[in-house]
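Quick notes on the structure that follows.
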Amino acid sequence: MFPKRLPAAPLTVSILVLPETAPMAVFGLFEVLGSVGNIWPLLTGEVTEVRSIKPQIVARQSQGFTSAIGIPITPHAVIGPDHRPDVIIVCDIELPLKGGPEGRWRGEILWVREQVKRGAVVCSTCSGSVLLAEAGLLDGQNATSHWSASELFRDRYTAVKFRPERILCDSGHDGRLITTGGASSWQDLALYLIGRYCGPAEAVRASKIFVIGDRSDGQLPFAAMTRPRQHEDMAIAQCQVWIADHYAEPAPVTRMVQQTGLPERSFKRRFKIATGYTPVDYVQALRIEEAKQMLETTDKGIEDIAAEVGYEDPSFFRRIFKRQAGLSPAQYRRRFGVIAAVHGENIS
């Protein structure tokens, strides 16, 4: 018998805040990263086994302080030689800096440099890259930041290969320095880190939970089958167990009715009361969720996926899919297949 594989230790992430830090990325990253492995099972009932993430807000002092826009921030921990996270994120700072960056953040810079030397991954969101540039960590490397920092990088950090057009940049050290550009780029960084350390499927789940990404088509593309309500109707519960493995079979609703021995009208009424779905809608939802998984993670053809989840007519599958997902299967693959591929890459 093979020994049971132990789960990976939680990924420790320190979100470094400065006196000039704006709070949006701080709290957004803390919530999204901390949700890994927790929120999706609560919403959908799907059991997932992924590496968890333990985020902390850290600073050079333990006392809470008022952020650049007036919202209070209270650190969980103080930086120092004994604070050794797996990942550090320097969040965006208020620009323009009065008096410039010279002489600022000496303690934070010393700590970040030491963490890079010992092998930590160091990231920045938006203008947080200014601290990394001030530390000399970006010299000779591609890096990005908020577009408004272009002049600062051009005049002060001439050794940095500044890429203001990029949203996420591998800034060197074998994939251990990551910079992102734009105030909302913390979302891209969150998905990148989740995909890199917890798997591309979890990055897609996070995208759906928090509706991160292109929202021009509304929320439907991000929606998933919600967790069926709890009930005590054992006949319906047994049908749910059966259909979970047989949703692709022909006439699955008829098969469920036969299994219960109930009159069809009574079965449909009890099924709706117990689950919140009509039997047909329940089967369709299971089929479409499985199709989504295939579109996200495989390169199978649309017709093959339709057949595998129980649709003989690919055109009918496309219509049902678009009605439930808000996108055609091909559009859905382009959107979420890219998230799974990009954020599942490990560039270290």
task: For region 222-342, give the magnitude of the charge dipole about the Cα centre (Cβ charges: +1 Lys/Arg, -1 Asp/Glu; no others), in debye to the nearest 20.
output: 580 debye
task: Using only Cα atoms, tell me the angle between helix 186-198 and the longest principal axis of the chain; keep it within 0 to 90° and round to the nearest 10.
output: 70 degrees
Region 222-342: C-alpha pair distances exceeding 19 Å, %: 49 percent
message: Given the -39500 (n - 2.57) contribution per DSSP H run of 4+ residues, what per-residue ellipticity at 222 nm results for the chain, rounded to the nearest 500 deg cm²/dmol?
response: -12500 deg cm²/dmol
message: From Cα pairs below 8 angstrom and at least 6 apart in sequence, can you work out the relative contact order of the chain, rounded to a whole percent?
response: 14 percent
task: Could you sort 152-163, 324-335, 174-185 so that the peptide with the highest average Cβ count within 10 Å comes first and the rest follow in order?
output: 174-185, 324-335, 152-163
message: Using a 7 Å offset from the Cα along the Cα-to-Cβ direction at both E151 and D233, what is the distance between the two label points in nm, to one decimal?
response: 6.7 nm
statement: Taking the chain, the equivalent ellipsoid from its C-alpha gyration tensor has semi-axes in Å, biggest first, of 47, 21, 18
statement: In nanometres, the difference between 0.36 nm per residue of separation and the alpha-carbon distance of A330 and K272 is 17.7 nm
field: Residue among A8, P72, L191 farthest towards the positive dipole end of the chain, charges placed on Cβ
entry: P72
- request: Could you give me the percent of Cα pairs per 5 Å distance bin for region 139-295, shortest bin first, beginning at zero and ending with the bin that holds the maximum distance?
  value: 2, 8, 13, 13, 11, 9, 9, 8, 6, 6, 5, 5, 4, 2, 1, 0
message: Assuming 0.36 nm per residue, please report the length gained on full extension of the stretch A248 to D82 beyond their Cα-Cα distance.
response: 54.3 nm
message: At 7 Å along Cα-to-Cβ for each site, give me the label-to-label distance between D139 and R255 in nm.
response: 6.7 nm
message: Could you give the length gained by full extension between T74 and K98, i.e. 0.36 nm per residue of separation minus their alpha carbon distance, to one decimal place?
response: 6.3 nm
- request: Using packing as a proxy for protection, rank 189-200, 85-96 so that the peptide with the highest average count of other Cβ atoms within 10 Å comes first.
  value: 189-200, 85-96
query: Using alpha carbons only, how many degrees (0 to 90, rounded to 10) separate the axis of helix 264-275 from the longest principal axis of the chain?
result: 20 degrees
message: Quick check: the angle from helix 23-34's long axis to the longest principal axis of the chain, C-alpha only, nearest 10 degrees?
response: 50 degrees
statement: Output for region 101-138: GluC sites (Glu not before Pro) sitting in coil per DSSP, at most 13 other Cβ within 10 Å, listed by number, reads E102
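Read the figures in this text as sums done on the coordinates, not as results from a lab. Since we're looking at a predicted model, the values are computed, not measured. So basically every Cβ, Gly included, is an ideal-geometry build from the backbone, and we count neighbours across all protein chains shown.
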